[in-house]
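J.: Would you mind keeping the following structure in view while I ask a few things?
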Ligand SMILES: Nc1ncnc2c1ncn2[C@@H]1O[C@H](COP(=O)(O)OP(=O)(O)O)[C@@H](O)[C@H]1O
Ligand SMILES: [Mg+2]
C-alpha cells in the first residue's frame, strides 16, 4: 500500500498548518526523514498527543533519520536525552536534545526549557519536547508543533499528524510523490 498523506485546512490561529495521515509506522519514519532535511539548528519542536500516540517513536525516527549514533528512548525519568553526532565535522548533522515534561510542574519544565536553550547556544541542534504544554510557554516559543493522534478505526498503526508553524513559517518540505493532497492551506 502506498503511503497516502492528506492535508486539509484547519480552523486555527496558525498561519501554517498541515495535517498528514500516517497509515503505518513506515509513514511516521518517512515523515521524520523528510523533516530531518527541513530542520535547522536552533529549531524548537513541541510534540503533543496522548500517551501512546507515538511521540517518542517519532523522536526515535528523527534520530535515525539524522544518522545519530543512538537509539532514542523515553526520557520520562531521565528528563533529557542528548543525541549528538559522533564526529561532528565529518557528519555535519544536527544534534537532538529530547525532553519529556509529563511529570513536571510549570516551574520545573521552564527550568529545563532554559537549560535546553543554553545547550542550543553551544550546540548545532534542535530541541524536541514531549508534553510541552507543562511549561505553559507561549506558542511562539516553538518553531514547529507536531500533534499525533491515533486513528483506531483505520488500524493499529494509523495516526494523524498535524504540523503547525506558529512563528515565521518556512515552506514545507516536498512531500513524496505518493502524496495525495486533498487541500492545502497557504500561509
Ligand atoms: N504510525 C505510528 N507512529 C508512531 N508510533 C506507532 C505507529 N504505529 C504504531 N506505533 C506504536 O505506538 C507506540 C507509541 O509509543 P510511544 O512512541 O512511546 O508513545 P508516546 O511517546 O506518545 O507516549 C509504539 O509502540 C509504536 O511502535
Ligand atoms: Mg513518550
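J.: Given the criteria surrounded by fewer than 18 Cβ atoms within 10 Å (Cβ to Cβ) and within 10 Å of ligand 1 (Cβ to nearest atom), does residue 28 qualify?
T.: Numbers: surrounded by fewer than 18 Cβ atoms within 10 Å (Cβ to Cβ): no; within 10 Å of ligand 1 (Cβ to nearest atom): yes.
For residue 28, the condition - surrounded by fewer than 18 Cβ atoms within 10 Å (Cβ to Cβ) and within 10 Å of ligand 1 (Cβ to nearest atom) - is not met.
J.: Now a separate question. Of all residues in the stretch 140-180, count the ones that are surrounded by 13 or more Cβ atoms within 10 Å (Cβ to Cβ) and free of Cβ contacts under 8 Å to residues at least 40 places away in the same chain.
T.: 1
J.: Got a sec? Which of 114, 98, 81 is over 20 Å from residue 31 (Cα atoms) and not in a helix (DSSP H, G or I)?
T.: Testing whether each residue is over 20 Å from residue 31 (Cα atoms) and not in a helix (DSSP H, G or I) leaves just 81.
J.: Give the residues of the stretch 42-55 that are in contact (Cβ under 8 Å) with a residue 60 or more places away in the chain and either assigned to a loop (DSSP other than H, G, I, E, B) or surrounded by fewer than 18 Cβ atoms within 10 Å (Cβ to Cβ) (or both), sorted by residue number.
T.: Within the stretch 42-55, 42, 43, 49, 50, 52, 53, 54 meet the criteria.
J.: Separate question: Of the conditions (1) within 18 Å of residue 31 (Cβ to Cβ); (2) in a loop (DSSP other than H, G, I, E, B); (3) more than 15 Å from ligand 2 (Cβ to nearest atom), residue 126 satisfies every one except a single condition; which number is it?
T.: Looking at each condition in turn, residue 126 falls short on (2).
J.: Could I ask something else about it? Of the residues 94, 139, 144, which is over 22 Å from residue 34 (Cα atoms), under 15 Å from the mean Cα position of the chain (by Cα) and away from ligand 2 (no atom under 16 Å from the Cβ)?
T.: When all the criteria are applied, what remains is 139.
J.: While we're here: Is there a residue being within 16 Å of ligand 2 (Cβ to nearest atom), in a loop (DSSP other than H, G, I, E, B) and closer than 29 Å to residue 20 by Cα anywhere in the stretch 56-67?
T.: No: the stretch 56-67 contains no residue that is within 16 Å of ligand 2 (Cβ to nearest atom), in a loop (DSSP other than H, G, I, E, B) and closer than 29 Å to residue 20 by Cα.
Bear in mind that the values in this text are calculations on the coordinates, not laboratory data. All figures in this text were calculated on a predicted structure; none of them were measured in a lab. So basically every Cβ, Gly included, is an ideal-geometry build from the backbone, and we count neighbours across all protein chains shown.
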